[in-house]
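Working notes, beginning with the structure itself.
The values are calculated or read from the model by the stated rules, or taken from the named source; none is laboratory data. This structure is a prediction, so every number in the text was calculated from the model and none was measured. Note: ideal-geometry Cβ built from the backbone for every residue, glycine included; neighbour counts use all protein chains shown. Quick note on the areas: whole protein, heavy atoms, side chains included, nothing else; ligands and nucleic acids left out. Shrake-Rupley method; radii C 1.70, N 1.55, O 1.52, S 1.80 Å.
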Amino acid sequence: MARLNQGQRRARAKLIWAASLFVAAQLLAGLLLEHVWPWVRFPDAEKVLSAAAVRPERADLVFLGSSRFETGLDVCEIGTLLERQQQLPRACGVLNAAVPACDPFLAEFLVDQLLEAGVQPRCLVLEMSPELLSRYHNWLGFHLIRLLRWEDLPARLPDVVRTGNVQHLLCWRLLPVLLHRQQILQHFGLAPELSGMPPRYNLGADTVDRPANLTIDMKKLLCLPACDPPPGHQEAIRQALAHNTPRRWLLNYRIDGGANAAALERLLGRCRQQGIRVLLVGVPVTETHRQTWTPPILAAYHDYLSRVCAAYGCTFVSCHDWLPDGLFRDNHHVSEAGKRYFSRLLALRVLAPLCPDDASTSASAPASP
Amino acid sequence: MNFIKSAFVGYFCVVFLVYWSIRTQRRRLLWLLAASCFFYMSWNPWFILLIFASTSVDYLVALQVERTPDPTRRRLLVLLSVAVNLSILAGFKYALFALRTTQTLCTALGIPVAMPTLDVILPLGISFYTFEAISYVVDVYRGKIAAIRSPLDYALYILFFPHLVAGPIVRSGDFVPQLGRHKRFSWLRLQAGIELFVLGLIKKAVIADHLAQAVVDPVFASPGTYGSAALWLATLGYALQIYGDFSGYSDMAIGLAHMLGFKLPANFNMPYFAGNIAEFWRRWHISLSSWLRDYLYVPLGGNRHGTWSTYRNLLLTMALGGLWHGANWTFILWGAYHGMLLALHRACPKPAWFQSLWFRPVAGLTTFLSVCIGWVFFRAQSLTDALTILRGLFAPTAGEVLTESSVHLALACAAVMLLGHLLGTFVRLRRLEQRLQVGVAGAALAAVVIMYFLLLPQDSKGFIYFQF
């Protein structure tokens with residue numbers, strides 16, 4: 001091999017230095033983001049905990065789920081309706097702790113964080129659907145980016161490979177600065193934060209000044225809003241479904257033995273220990289979306305939920321078909337009108353009858369609208 | 001596959017490693033050709049057939065031109081090649097424009113006519129490789145270069161992926177001799193290539209894309225709603241955006257070629273420091289301006305047939321240069337505007353104090369502002385929008401203002417660009433870098449890459465010149 005001249009040697013040394021320092025800086029940044037600034041990786045969770053920190057003791061009702069719950073629930077509407085319907089002495093504090101891509105695996109983590117922060121809800125409402133319980137664990141890629149640490153890697157590696165998340169894993173470990181650049185800049189005040197998000201926490205008033213003859217016009221509140229979908233709406237739903245729901249979730253559908261099922265059962269066990277009532281709510285989705293749930297999938301799903309409800313004393317309410325497709329903006333996220341309507345339905349048809357302040361209320365699931 | 005996407009980084013790593021592991025030069029070239037075909041086909045697989053077809057015609061025509069002694073037949077062969085190339089370009093790029101213009105004219109004249117609608121996909125890079133092919137055949141005809149014997153060499157000259165999509169427009173005389181030389185791997189070239197590539201990335205993805213998102217796109221989308229201050233900021237912002245975008249792409253292309261052992265010509269040389277419009281065109285898109293000079297302006301007569309012919313040739317060359325950029329009257333007007341400026345520059349007397357040091361900044365600023373006015377036509381979505389913007393620039397107009405953060409961003413980008421121009425002009429960066437400890441130099445390169453990662457916008461935009 002020809003000897004390198006001085007310029008060549010310097011160039012080689014410089015590139016080796018640059019590559020080594022680059023990798024070292026990325027690894028260091030990754031460790032800092034894991035241990036020193038963990039919420040930079042997971043700003044959605046930070047927002048939930050910041051909202052709860054206002055008055056954690058007032059969060060009577062906590063919702064946990066994915067973006068379907070995050071954008072599909074109006075906490076003010078729910079809190080107000082519960083307060084009126086139940087004639088409560090003080091308003092019911094409602095906290096929407098849902099974050100995008102939240103399955104039971106992530107919900108367990110969030111519940112731990114909320115309990116540590118002093119939130120002690122009387123009722124926890126958890127979003128349910130067949131995808132969330134699937135053994136396939138499709139949202140593992142999101143958890144790699146925002147939650148998991150080096151020490152979690154050995155246990156999660158088989159799932160990472162099986163779910164095709166190796167690229168996410170490499171980005172998470174080798175390029176954390178690239179992955180979290182927007183959050184890093186926002187954390188240090190170098191980029192504006194997103195504003196205009198709906199409120200997450202409805203504290204309500206400490207005392208309620210209610211007219212004696214106040215009645216709720218249920219018929220008016222539960223009247224289905226106008227929902228004539230625009231032309232091409234069904235096609236848009238089909239395209240969104242193809243984009244949002246990989247078929248891999250639904251092939252060889254199994255629940256038992258998966259990380260989500262295990263996390264759900266641990267979460268239910270902890271809630272039972274803490275005296276927190278748990279309500280599992282099947283989140284509304286479009287008919288097109290429901291058509292992907294074949295009879296075997298639904299059978300496995302309902303069978304599993306019956307078992308956990310019996311084992312942990314929780315309740316499952318299926319709201320999957322409560323809303324017409326016209327109240328959705330894609331295959332599984334409701335529109336503004338759908339959000340208000342679903343919030344009313346949930347408050348008046350499900351939560352009010354199961355209100356935790358009424359200890360004598362039976363735990364039977366109400367009829368669908 | 002786009003230079004700024006992660007998929008391209010993976011692709012290039014494979015191409016690079018395999019290329020340098022191959023021992024023989026011919027096999028390396030075969031590998032490069034295959035890689036270039038794969039690169040082009042990743043955009044649209046069928047258009048590779050179009051390039052092969054036009055490449056075959058030019059290859060065969062050039063060989064025939066060289067063999068044929070009869071001047072008339074030689075001229076006819078060249079015309080055949082040029083006609084084929086320009087027909088393909090016109091068919092894909094200008095047919096719809098011609099139909100629309102004819103329809104507008106007929107409507108204006110009261111002639112009812114129904115034009116067919118066309119749905120044409122523009123093949124990527126067609127404007128660039130068409131010009132390269134024409135320059136090759138004409139150079140063979142002029143006897144400047146010998147016809148390329150090897151079809152592999154000619155195909156690689158056209159298809160070489162670093163410059164295939166958006167230039168630089170490479171002359172065969174500069175590129176083809178490099179194919180015959182056996183290349184040895186060089187750490188120096190790798191270092192230079194990586195640094196150029198990173199510089200290009202920063203210019204494009206950090207400066208140009210941020211300016212586009214925060215300042216330029218909102219204003220040019222609805223110029224009538226914005227006031228004069230916002231219009232000025234957007235116009236200046238676009239001047240920086242297009243420079244960052246295009247010179248960034250050129251830097252990346254040149255850097256990639258370096259890493260493979262090839263030298264592509266520089267395409268930009270601190271253009272916004274030009275002291276007059278002629279100097280601007282010697283510094284901006286150098287490969288295009290020199291092509292227009294050698295294959296359009298000079299054949300039209302150049303400056304050899306009197307003053308008014310010179311002005312006409314300048315105007316025509318630049319107007320056609322504008323048309324090359326896009327099938328829209330705004331591009332033609334942009335080109336004609338620059339032709340007019342060049343003619344004006346020729347016509348105006350230049351006293352000795354024009355060259356003095358104190359006048360240089362004034363001349364530079366005047367040139368820069370003149371160029372910015374031209375960019376209004378280049379960027380505006382229609383002639384109406386361009387006139388609205390110009391009206392707002394020169395007559396104080398009330399309207400919406402940009403946010404404080406957008407203004408700060410624009411100023412920061414302008415400061416960075418100015419600093420870059422100053423460093424490039426007055427500081428010998430390479431010599432400075434040589435004085436640093438190698439660890440410090442390496443740390444500086446790593447820091448620049450990490451800064452690029454931090455400042456990369458969430459959504460990157462495509463390259464402006466890909467649409468040409």
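Here is how the numbers come out for the structure above:
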{"read-out": "More than 34 Å apart - percent of Cα-Cα pairs taken over the protein assembly as shown", "value": "63"}
{"read-out": "Sum of -39500 (n - 2.57) over DSSP H runs of 4+, divided by residues of chain B (222 nm, nearest 500)", "value": "-22000 deg cm²/dmol"}
{"read-out": "Entries of A:LYS14/A:LYS47; B:LYS144/B:LYS204; B:LYS183/B:LYS203; A:LYS47/B:LYS203; B:LYS144/B:LYS183 with Cα pairs more than 32 Å apart", "value": "A:LYS14/A:LYS47; B:LYS144/B:LYS204; A:LYS47/B:LYS203"}
{"read-out": "Hz values of 3J(HN,Hα) by residue in segment A:166-174 - Karplus curve (6.51, -1.76, 1.60), Gly and Pro given as x", "value": "5, 5, 4, 4, 5, 4, 4, 8, 9"}
{"read-out": "Label-point separation, B:GLU433 to A:GLU265 (7 Å along Cα→Cβ), nm", "value": "6.0"}
{"read-out": "Where labels lie 7 Å past Cα in the beta-carbon direction, separation of A:GLN239 and B:ARG23 in nm", "value": "5.5"}
{"read-out": "Percentage relative contact order, chain B, counting C-alpha pairs under 8 Å, at least six apart", "value": "18"}
{"read-out": "FRET E, pair A:GLU287, A:GLU336, Förster distance 25 Å, beta-carbon r, rounded to 0.05", "value": "0.80"}
{"read-out": "Peptide ranges A:230-238, A:129-137 listed from the most packed, as the mean C-beta count within 10 angstrom indicates", "value": "A:129-137, A:230-238"}
{"read-out": "Within 10 Å of each Cβ in A:179-185, the average number of Cβ atoms from other chains", "value": "3"}
{"read-out": "Cα gyration tensor category, rounded, prolate or oblate, for segment B:178-305 with a/c compared to 1.5", "value": "oblate"}
{"read-out": "For B:TYR226, residues with placed amide H under 5 Å, excluding near neighbours", "value": "B:GLU400"}
{"read-out": "Rounded Å value of the spacing that divides the Cα centres of segment B:164-207 and segment B:289-330", "value": "29"}
{"read-out": "Pairwise FRET efficiency - A:TRP39 versus A:LEU298, Cβ, R0 = 56 Å, nearest 0.05", "value": "0.90"}
{"read-out": "Computed E for A:PHE188/B:LEU79 - FRET, C-beta separation, R0 56 angstrom, nearest 0.05", "value": "0.35"}
{"read-out": "Length-normalised contact order for segment B:318-412 - Cα pairs under 8 Å, 6+ apart - percent", "value": "23"}
{"read-out": "Kirkwood estimate for segment B:267-358, i.e. one over the average of 1/r between Cα atoms, Å", "value": "13.8"}
{"read-out": "Average beta carbon contacts from partner chains per residue of B:430-437, 10 Å cutoff", "value": "1"}
{"read-out": "Residues with amide H under 5 Å from that of A:ASP103, placed H, sequence gap 5 or more", "value": "none"}
{"read-out": "Amide proton proximity set for A:PHE316, modelled H, under 5 Å, gap of 5+", "value": "A:LEU280"}
{"read-out": "Solvent-accessible ranking of B:ILE111, A:ILE276, B:ILE22, largest area first, probe 1.4 Å", "value": "B:ILE111, B:ILE22, A:ILE276"}
{"read-out": "Proximal aspartates and glutamates relative to B:LYS5, as straight alpha-carbon distance under 18 Å, when same-chain residues fewer than 8 apart are discounted", "value": "B:GLU195, B:ASP209, B:ASP245, B:ASP251, B:ASP459"}
{"read-out": "Under Karplus coefficients 6.51, -1.76 and 1.60, residue-wise ³J(HN,Hα) of segment B:424-434 in Hz, glycine/proline x", "value": "x, 8, 10, 10, 8, 5, 4, 5, 5, 5, 5"}
{"read-out": "Cα gyration tensor category, rounded, prolate or oblate, for segment B:139-253 with a/c compared to 1.5", "value": "prolate"}
{"read-out": "Sorted largest first, extent of chain B alpha carbons per principal axis (Å)", "value": "69, 65, 52"}
{"read-out": "Segment B:GLU400-B:TRP353, length gained on full extension (0.36 nm per residue, minus Cα span)", "value": "12.7 nm"}
{"read-out": "Proportion of all alpha-carbon pairs of segment A:121-177 beyond 17 Å (%)", "value": "44"}
{"read-out": "Farthest toward positive dipole pole in chain B [+1 Lys/Arg, -1 Asp/Glu at C-beta], among B:ALA278, B:PHE463, B:PRO69", "value": "B:PRO69"}
{"read-out": "A:ARG248 paired with A:LEU174, simple spin-label distance in nm, labels 7 Å along Cα-to-beta-carbon", "value": "1.9"}
